[in-house]
Amino acid sequence: MERRDKTNYYLDIAETVAKRGTCLRRNFGAIIVKNDEIISTGYSGAPRGRKNCSDLGFCRREELKIPRGTRYELCRSVHAEANCIISASRRDMIDSILYLVGIDVKTKELVKDANSCSMCKRLIINAGIKKVIVRDTKDNYRTILVNDWIEKDDSLSEEFGY
């Protein structure tokens with residue numbers, strides 16, 4: 001039996017975590033790993049105590065036909081990365097790796113070109129996480145150096161009027 005490489009092993013776990021998500025559009029799973037130990041997990045879902053979109057049977061962003069990657073303030077969910085960071089201490093996250101997997105609810109396929117939103121990028125930066133690894137296919141992934149997000153500050157792009 002061929003042993004699964006460690007990166008895909010952690011991405012497989014993040015993919016399983018994503019299956020707990022309650023979004024009706026896309027569910028993400030995230031895990032933070034440091035020194036080969038899982039520090040925390042997180043998935044997409046409404047804040048504790050609030051009804052999830054899956055409970056309500058509708059998604060406000062879907063009803064309003066809001067395109068992917070925009071207007072997250074209208075979303076009921078806390079993103080997987082944010083939930084993962086909330087569940088860990090910063091001391092444990094410094095120089096850690098966040099593994100991220102997104103699943104399209106309708107097609108059950110991996111989210112194409114998945115990435116953290118601008119708010120989650122800020123949380124990841126402040127948490128001290130050094131790398132984000134995103135699953136593209138069952139065996140392929142991208143490694144993002146968080147320092148690149150700091151150096152190439154997308155909050156200063158023309159999209160935001162700067």
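A compact table of results
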quantity	calculated
Fraction of accessible area attributable to carbon and sulfur, the stretch 1-111 (%, probe 1.4 Å)	48 percent
Sequence of 106, 65, 131, 121 when ordered by accessible area, the most exposed leading, probe 1.4 angstrom	65, 106, 131, 121
Highest-MSF residue in the chain out of 110, 74, 24 [GNM, Cα springs under 10 Å]	74
Most mobile listed residue (87, 77, 44) in the chain, GNM with C-alpha springs under 10 Å	87
Cα-projected label distance for residue 6 with residue 136, points at 7 Å along beta-carbon direction, nm	2.2 nm
GNM top mover of 21, 29, 128 - the chain, alpha-carbon springs below 10 Å	128
Heavy-atom accessible area per residue - the chain, 1.4 Å, Å²	61 Å²
Entry for Cα extents along the principal axes in Å (calculated from the structure that is shown) out of (1) 46, 43, 30; (2) 57, 39, 30; (3) 52, 40, 30	(1)
Contact order relative to length of the stretch 48-162, as percent, for alpha carbon pairs under 8 angstrom and 6 or more apart	21 percent
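The values are calculated or read from the model by the stated rules, or taken from the named source; none is laboratory data. These figures come from a predicted structure and were not determined experimentally. Cβ atoms come from the backbone with ideal geometry, glycine included; neighbour counts cover every protein chain shown. When the accessible area is computed, the model is the full protein with side chains, heavy atoms only, and any ligands, DNA or RNA have been set aside. Shrake-Rupley method; radii C 1.70, N 1.55, O 1.52, S 1.80 Å.
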